[in-house]
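Only one structure is covered here, and it is reproduced in the block below.
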Amino acid sequence: MNAASSSSNAPEGAPQHAEPGTRRLAARPAYAAPPQPVAQPLPRHSPAIGGLVPFSTVDWPGQLAAVVFISGCPWRCHYCHNTELQTRAARYDWRETRAFLETRTGLLDAVVFSGGEPLSEPRLPSLIRDVRRMGYRVGLHTAGIYPLRLADVLRHLDWVGLDIKADAQGYDDITGRRDSQRPALACLTQLLSAGTDFECRITWHPDWLDETRLLTLAREMARRGVRRFAVQGARSSPGAPPGRALSAQAQSLLTQWFSEFTYR
Ligand code: SF4
């Protein structure tokens, strides 16, 4: 057992019971370092944990969350910043990751499963159960590739960030896969009828979808009942500023159409 899975920060040999009249301190897991990538290949059935961000304020707006990245994605979006997560591979041991998350209970609100495409992991329902048992709220980032798998886990999710890649005309050009809008819209339909809290977001550049088409797409989303919508300006790298700015007029319209609109 390593430090991440230690269940107590009491020094070895310390008394196990409080003396009469003294206050018993709640047992609290050690403040452990995040797990490291495994040195040896994990067994083939291991969940494809591709990375971990121990603390994030941006992956689920309003929540302090740890983000668990699942590797594996069947799409090949030309702008993907996570190409190393497109291929399925277990780089972190879930038991170590889970033990680390145990040490953060009470400090974080939530765990977000991201990717890659987290629904590509067949063991995701069990990972979700594990973090729920710890008392975390659970969020999911998805490109909407697997509607049936989403249906399986939806009742266990508190929030979903659903990527909308483009309008019908531009979808497959972005994803590099045929008929890719169909599953994403099926996921949207499920989210709307389940009443799950969710956000639709689009990574946007005018060379891929001009503002007129973006607004037509967004208007349709609002008409269908989407309440939270975000436009993420496409960047050459994750820390860079957006390549092209969304006009103030477009932002003003989007603010009117949605209960919550974010441009980031
Ligand atoms: S769906 Fe996401 S992870 Fe998959 S290729 Fe597209 S951007 Fe990358």
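Please treat every number below as a calculation from the coordinates, not as lab data. This is a predicted model, so every value here is computed, not measured. Cβ placement follows ideal geometry from the backbone for every residue including glycine, while neighbour counts extend to all protein chains displayed.
How would you rank 211-224, 60-73, highest first, on the average number of other Cβ atoms within 10 Å across their residues?
Ranking the peptides 211-224, 60-73 by packing returns 60-73, 211-224.
Please give, to one decimal in nm, the separation of the simple spin-label points placed at Arg219 and Ala248, each 7 Å out from Cα toward the Cβ.
Those two pseudo-labels are separated by 2.3 nm.
Find how much the distance from Thr212 to Thr255 grows on full extension, using 0.36 nm per residue of separation minus their present alpha carbon separation; answer in nm with one decimal.
Gain in length upon complete extension: 13.9 nm.
So if each residue of separation counts as 0.36 nm, and I subtract the Cα-Cα distance between Ala240 and Arg178, what length gain in nm does that give?
Fully extending the segment from Ala240 to Arg178 adds 19.3 nm.
May I ask you to derive the relative contact order of the range 209-264, considering only C-alpha pairs under 8 Å and at least 6 residues apart, and to give it as an integer percent?
For the range 209-264, the relative contact order is 44 percent.
So, counting K/R as plus one and D/E as minus one, what does the shell of residues with Cβ under 11 Å around Leu162 add up to?
It works out to a net charge of +1.
Could the peptides 228-240, 155-167 be put in order, highest first, of the mean number of other beta-carbon atoms found within 10 Å of their residues?
155-167, 228-240
For the chain, what proportion of DSSP beta bridges, expressed in % and rounded to the nearest 5, is antiparallel?
Counting DSSP beta bridges with both partners in the chain, the antiparallel share is about 20 percent.
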